[in-house]
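Each value in this text was obtained by applying a stated rule to the coordinates, not by laboratory testing. If you're wondering where the values come from, they're calculated on a predicted model, not measured in any experiment. Every residue, glycine among them, receives a Cβ derived from its backbone with ideal geometry; neighbour counts consider all protein chains shown.
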């Protein structure tokens, strides 16, 4: 072994040892948790799970998006409450959840490239796997990968209903994809994927209603066109935490994919709720420690850019009179002018701006019931990008 190879081997072992140490032990008090730490309040989490499960009417399936929590125990809790399976956004995420015992996974994305396609087909030997397509050449590639693995993949046509990301145009272009899928023996046509991601954070109820009314019309048009072409369309799936009641009531969507409802975040608090919306609680926090009180009008905490996602703005501080003002790599500045100044070593609870990418920064999720740690769960799909 060369010196360089030996050094890399030693560093890899050290890295594995470091990630094996969670920030808390079961039974620990708040002050015993090493920070920054990702905290979930279990009572609030379970109420969120129950509210969503109880709100979905018979005949409509709930398939929560696991990219929000990346945590198999939460996925299993969703399944126990009646979810038909989970969504994942990458093959690597799907692999982690299948390994943990989730037997029905929809990858709500296109999968391109021979290595990923082979991995996708491989997990279809152990679970029911679905995937999206918006290109006939990709349909052919999916079929060849499934044939080589000796499996059948469920393929859905993704339709652009307003997000303007992936997805083929509604109507006739989508029919061509559905026909290509239906002609492949190693693929089963699964239906229409019609998710309007951009609508989730439209701030007013009317803006969300308008966006989903348009998405629903396009999804209906596409479903009807596929059926008119002689292909059964058993599923129209989509929806998210910001709009799911609208898809639920549409008469078109037969499956719902909300994800962030389990945790919530600061950005969702900026949405004005509709009058009869089901309300979900904030259950996810980043626990941080005051590490410097030297300045007169602010304190510094140990949660900065590497501890929180900032794509949706600054985190909120739980409590009154203080605000998170700016961040550097390992430091966060909290303004305390007009409020009681926290002491050195005090714990501060932060509400992430965006829960999904914040979760992806952590190896562990610390579950608290009241003042004590009840469980420490691995964020098993952390960094599962491919």
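Values as computed for the structure displayed
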{"read-out": "Antiparallel bridges, percent of DSSP beta bridges restricted to the chain (to nearest 5)", "value": "50 percent"}
{"read-out": "Folded to 0 to 90 degrees: helix 42-55 orientation relative to the chain principal axis, Cα", "value": "20 degrees"}
{"read-out": "The chain: angle of helix 172-182 to the longest principal axis, Cα-based, in degrees nearest 10", "value": "80 degrees"}
{"read-out": "Residue-averaged [θ]222 nm for the chain, counting only DSSP H segments that reach four residues, each worth -39500 (n - 2.57)", "value": "-9500 deg cm²/dmol"}
{"read-out": "Kirkwood-type radius of region 56-263, with distances r between different C-alpha atoms, in Å", "value": "16.9 Å"}
{"read-out": "Gain on full stretching of the segment that runs from residue 92 to residue 147 - 0.36 nm per residue minus C-alpha separation", "value": "17.7 nm"}
{"read-out": "Cα-projected label distance for residue 276 with residue 42, points at 7 Å along beta-carbon direction, nm", "value": "3.5 nm"}
{"read-out": "Whole-Å distance, taken between Cα centres, linking region 213-239 and region 38-92", "value": "25 Å"}
{"read-out": "Theoretical gain in end-to-end length, residue 269 to residue 306 [0.36 nm per residue, Cα-Cα removed]", "value": "11.0 nm"}
{"read-out": "Inter-label distance for residue 164 and residue 228, nm, one decimal - labels placed 7 Å from Cα along Cα-to-Cβ", "value": "2.7 nm"}
{"read-out": "Computed Rg/Rh of the chain, alpha carbon atoms with Kirkwood Rh", "value": "1.01"}
{"read-out": "Rounded to 10°, Cα long-axis angle of helix 136-149 versus longest principal axis of the chain", "value": "80 degrees"}
{"read-out": "Order of 344, 305 - criterion: other Cβ atoms within 10 Å of each residue's Cβ, fewest first", "value": "344, 305"}
{"read-out": "Length gained when the stretch residue 57-residue 99 is fully extended (0.36 nm per residue, less Cα-Cα span)", "value": "12.1 nm"}
